[in-house]
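Taking it in order: structure first as structure tokens, then the write-up.
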Amino acid sequence: MIRAFQQLRALIGRHVAYPFALQGVVALALLMTPLSGLGMRGPLSVDGSPQRYWAMTAIVGLHLILTLFVPARRLALWAQILYLIIQCALTAVAQALFPTPLFDYVYLAIVLQSLMLFRPWLWIPFAVGVWALWSGGVFMATASALTWLQSNLALAFPATCAIIAAIIYVRQHRRSEQAQQMLQQMQQRYDSLSTALREIQQRVALEERRRLAQTLTDEVQAALARTEQSIAAAIGQAQSNLSRLQITVAQTRDSAGLAVERLRGAITTLRHSEADPPPREPVFALAIPGPRDELVISSRPYRVLSWVLPVVFISLSLLVTLTQHPPTLDVILPLLTLYALLLLAYIYTLRARNPLLLQIGLAGQTLAVVAMAITTQALPILLGLLLVLWQIALRLPLGQIALFLTGTPAAIGLLLARMRPQAMDRESLLVCAVAAVTMAGPLLLARRQLDQRRHAELRASLLSSEIEQQTNEVRTLAVAAERSRLAREFHDDLGSRLVLINLQLQLAEELAAESSADALAQLQVSRDHLREAWRSVLAVADAELPLSGDTLAAALESLAAQCRRSASVSISLRADDGLEELSPAVACTIYRVVQEGIANAWKHALPSQISVQLSMNTSHVRVTVVNDDRPADSPGGSPAGGAAPQGSYGLVGLRERADALGGGIEAGPLPEGGFRLMMALPVEGVA
């Protein structure tokens with residue numbers, strides 16, 4: 001229900017001509033104008049000129065319809081100017097037909113509309129033009145300079161208060177709209193956060209991949225380059241100086257061993273180093289300002305207005321008094337005394353922090369203004385109560401405002417009815433009511449806009465913090481995942497190739513003492529494998545998937561053939577049909593399992609027989625690598641019968657691969673001897 005109401009309110013807010021406060025002020029002035037004419041007496045009354053009254057009412061009604069339904073804020077600038085000029089013309093015609101006191105506030109409402117629509121360089125000249133039109137109409141209707149001056153003085157203070165209140169409201173309304181738009185954008189970003197996080201994850205992974213390619217990959221490639229230089233030197237020695245061939249091959253094996261150690265160091269660094277925080281970039285370029293106003297008005301303008309308004313009121317009320325009474329001591333002295341009491345009560349109210357003391361100060365100001373109106377017999381001075389209402393609207397909570405306004409008007413009405421009965425007519429009450437609403441309404445709604453803006457900014461800030469937190473977590477996970485990927489690929493691919501090269505160099509060293517031609521051939525094979533290792537490093541750095549289902553069987557046959565040529569071991573390979581339908585990720589994982597199983601068997605068991613079997617069914621593919629026990633006289637073997645050492649990075653990497661694809665892995669010695677490595681993967685990547 002609440003959500004539906006909010007959506008309805010937002011829909012209305014997008015199509016109304018003005019914000020609610022401004023539209024309410026304009027509608028109130030237009031609605032009260034015909035009502036104020038009902039109490040007029042003389043020739044220009046409803047009874048004396050009914051046709052003119054109803055014509056005025058019709059024009060005011062047309063004006064009200066235009067104000068409520070014309071989307072002025074969505075018009076072009078020239079159309080907005082024309083629209084307000086039409087309003088001025090309608091008001092002037094209606095005032096000429098049946099002039100009521102509230103037409104002053106209709107003109108003021110038009111000025112407030114221009115304040116909402118135009119920038120200061122345009123609305124100030126427009127406001128001056130509206131004042132000239134209204135002032136000229138007053139002068140033509142009264143034909144008295146004194147009456148014209150009194151009308152200006154009577155309207156000056158309410159107009160000043162209303163314009164300042166409207167400026168404050170418009171400012172808060174625009175900032176609240178910006179905050180709401182920012183909140184909506186942030187909510188949309190939050191709703192689409194999963195997509196954004198995937199993009200961030202891919203970008204961070206790519207950045208980390210490039211960074212690691214410039215550090216660890218370069219270091220491993222440098223070690224491989226030295227190994228290739230050693231192999232090239234060994235081949236040169238085999239062709240020119242056979243007596244030094246065995247020594248050179250031994251040095252080449254040492255260089256290859258150093259490359260293996262460098263690789264292990266790089267893998268250890270990738271596995272155990274903490275991820276450096278990647279460069280932080282703004283996820284969404286949305287500035288979220290914090291609350292900056294303690295009140296509806298910021299501190300410096302508030303201090304200025306705190307003294308400008310009472311000074312303006314005192315100056316105008318003094319001029320009003322002088323236009324109605326001669327400047328005698330009997331008039332000036334009591335008035336100056338009341339001004340002093342008003343200022344004392346005003347200063348006391350500014351410094352009061354306790355709500356009760358604050359209301360006492362406001363009551364003192366109210367009594368001072370009423371006493372001025374009674375002493376001078378000038379009803380326009382009662383509009384000085386707007387000064388009190390200004391402070392009430394800015395400083396009191398809504399409950400205390402209602403309590404204060406419930407008792408104060410009643411007390412003022414009783415006092416005026418007793419001291420000056422002729423002042424309490426319908427016209428005067430309507431003028432005071434419209435003036436009060438014109439000023440206090442925008443101020444109260446500006447406070448509400450401020451609360452809504454702060455709430456929106458707080459929600460946007462919370463959403464931004466949550467987005468930032470999730471983004472940082474994704475960044476960290478992306479960096480860790482990329483390092484784990486690089487460690488797995490280095491270990492499973494490059495590590496296995498280096499083990500193979502090391503075995504080939506060991507065989508070349510053994511052949512060097514017997515047949516230099518066979519040793520030379522073995523060195524050339526080792527150099528070819530080393531160049532493949534170079535390409536492997538580049539592929540790992542670029543995150544390539546070198547295998548697919550179509551090429552998996554051929555790649556496994558090539559791996560088995562290399563192993564048979566490089567070591568005295570029998571390798572059997574059996575595979576079910578259907579491998580060509582596997583996805584590249586599954587095919588690459590299967591290849592790495594076989595590669596790791598064979599490499600572990602060489603490093604830890606030196607077996608005579610290795611069997612590789614790939615079996616498939618409708619839901620899973622299973623890879624099994626089994627090797628027999630190492631020969632009893634083989635030095636350096638592991639008594640575990642081919643088991644990987646505790647904490648092997650190879651098995652860790654294989655488990656990570658299996659988990660990523662939703663599979664599982666088992667590895668351990670067999671009861672009858674030997675070692676078995678088995679991985680089962682779901683066939684989810686079938687094309």
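Rule-based calculations on the coordinates, nothing more; no lab input. On a predicted model such as this, the values are computed, not experimentally measured, just so you know. Heads up, the Cβs are rebuilt from the backbone with ideal geometry, glycines too, and the neighbour counts pull from every protein chain shown.
Among residues other than THR551 with Cβ under 12 Å from its Cβ, the summed charge is -3 (Lys and Arg +1, Asp and Glu -1).
The slack between LEU31 and THR142, meaning 0.36 nm per residue of separation minus the straight C-alpha distance, is 37.5 nm. Summing +1 for each Lys or Arg and -1 for each Asp or Glu among the other residues whose beta-carbon sits under 9 angstrom from that of LEU677 gives -1. Between beta-carbons, use under 12 Å as the cut-off and find the net charge around SER306, counting Lys and Arg +1, Asp and Glu -1. Here the charged neighbours net out to +4.
I'd like the FRET efficiency for LEU357 and LEU64, computed as 1/(1 + (r/R0)^6) with the beta carbon distance as r and R0 of 30 Å, rounded to 0.05. That gives a FRET efficiency of 0.10.
With a Förster radius of 41 Å applied to the beta-carbon distance between GLN51 and ARG74, the computed FRET efficiency rounds to 0.65. Here each label is just a point 7 Å from Cα along the line to Cβ, and for LEU336 and ARG189 those points are 6.3 nm apart.
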